[in-house]
1. Output the residues belonging to region 57-77 that are within 16 Å of Leu33 (Cβ to Cβ) and without any contact (Cβ under 8 Å) to a residue 24 or more places away in the chain.
2. Any chance region 54-63 includes a residue that's modelled with pLDDT under 95, out of contact with any helix residue (DSSP H, G or I) (no Cβ under 8 Å at 6 or more places or on another chain) and either at positive phi or surrounded by 13 or more Cβ atoms within 10 Å (Cβ to Cβ) (or both)?
3. Do we find that Leu11 is part of a loop (DSSP other than H, G, I, E, B), out of contact with any Cys (no Cβ under 9 Å at 6 or more places or on another chain) and surrounded by 12 or more Cβ atoms within 10 Å (Cβ to Cβ) in this structure?
4. Being among the acidic types (Asp, Glu) and either in a helix (DSSP H, G or I) or on the phi > 0 side of the Ramachandran plot (or both) is the filter here; which residues of region 71-104 pass it?
5. Within the group Ala124, Ala112, which residue is modelled with pLDDT under 95 and more than 17 Å from the chain's Cα centre (by Cα)?
6. Of all residues being touching a residue at least 24 places away in the same chain (Cβ under 8 Å) and surrounded by 15 or more Cβ atoms within 10 Å (Cβ to Cβ) in region 95-109, which is nearest to the chain's Cα centre (by Cα)? Just the residue, please.
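The values are calculated or read from the model by the stated rules, or taken from the named source; none is laboratory data. Everything numeric here is computed off the predicted structure, so don't read it as measured data. Cβ placement follows ideal geometry from the backbone for every residue including glycine, while neighbour counts extend to all protein chains displayed.
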Amino acid sequence: MTHKMSEFTGLNENEVTKLREAGIETTDDVKRLWADEPKRATLIEKTGMTTDRFTTIVSMARLGRLNSVEPKFVEVLVAAGIDGPKSLFEFTPESLVKRLGEVVAEKKLTCAVPTLVEIQAWFADAKPPVAAAV
């Protein structure tokens with residue numbers, strides 16, 4: 001699913017403007033431009049962001065592209081160390097809701113936290129992993 005970067009609560013207006021000036025409006029743009037490894041340094045230079053911050057934004061975009069994962073929940077997922085689908089689906093819905101609650105309390109976050117029902121929808125909408133060819 002594609003989202004505008006301005007929909008992510010973990011990005012401030014200045015960051016959204018810098019991304020837009022670098023040609024990034026949506027999660028699709030992040031995916032396409034970040035995938036071109038030789039141009040990553042140019043992206044970082046254009047935005048004036050640190051590599052760590054840009055990597056966080058890439059993680060937010062990757063998570064936001066998942067079915068049913070709303071942009072308002074991505075900030076808490078990244079704060080919990082979840083940087084994409086693979087690390088998200090290492091959890092069960094029950095263990096994830098518990099982990100997110102711990103992270104919010106630990107880091108004193110004020111961002112939106114998904115309910116168990118919302119998280120269960122993420123897992124229900126997930127495509128099963130593709131088996132490796134033998």
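1. Filtering region 57-77 down to residues within 16 Å of Leu33 (Cβ to Cβ) leaves 57-62, 64-65.
Of everything in region 57-77, nothing turns out to be within 16 Å of Leu33 (Cβ to Cβ) and without any contact (Cβ under 8 Å) to a residue 24 or more places away in the chain.
2. Yes; the residues of region 54-63 include at least one that is modelled with pLDDT under 95, out of contact with any helix residue (DSSP H, G or I) (no Cβ under 8 Å at 6 or more places or on another chain) and either at positive phi or surrounded by 13 or more Cβ atoms within 10 Å (Cβ to Cβ) (or both).
3. Working: part of a loop (DSSP other than H, G, I, E, B): yes; out of contact with any Cys (no Cβ under 9 Å at 6 or more places or on another chain): yes; surrounded by 12 or more Cβ atoms within 10 Å (Cβ to Cβ): yes.
In short, yes.
4. First pass over region 71-104, keeping only residues among the acidic types (Asp, Glu): 75, 83, 90, 94, 102.
If the condition is that a residue be among the acidic types (Asp, Glu) and either in a helix (DSSP H, G or I) or on the phi > 0 side of the Ramachandran plot (or both), then Glu75, Glu94, Glu102 are the ones that fit.
5. On the way: Ala112 fails: more than 17 Å from the chain's Cα centre (by Cα).
None of the others qualify; the one that does is Ala124.
6. To start, the set of residues in region 95-109 that are touching a residue at least 24 places away in the same chain (Cβ under 8 Å) comprises 100, 103-104, 107, 109.
Pick out the ones that are also surrounded by 15 or more Cβ atoms within 10 Å (Cβ to Cβ) and you get 100, 103-104, 109.
Numbers: Leu100: 14, Val103: 16, Val104: 17, Leu109: 16 Å.
Top of the filtered list is Leu100.
Results for (1) surrounded by fewer than 12 Cβ atoms within 10 Å (Cβ to Cβ); (2) closer than 18 Å to Glu75 by Cβ, shown as yes or no for each residue.
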position	(1), (2)
Thr2	no, no
Val16	no, yes
Asp29	no, no
Ala35	yes, no
Glu45	yes, no
Met49	no, yes
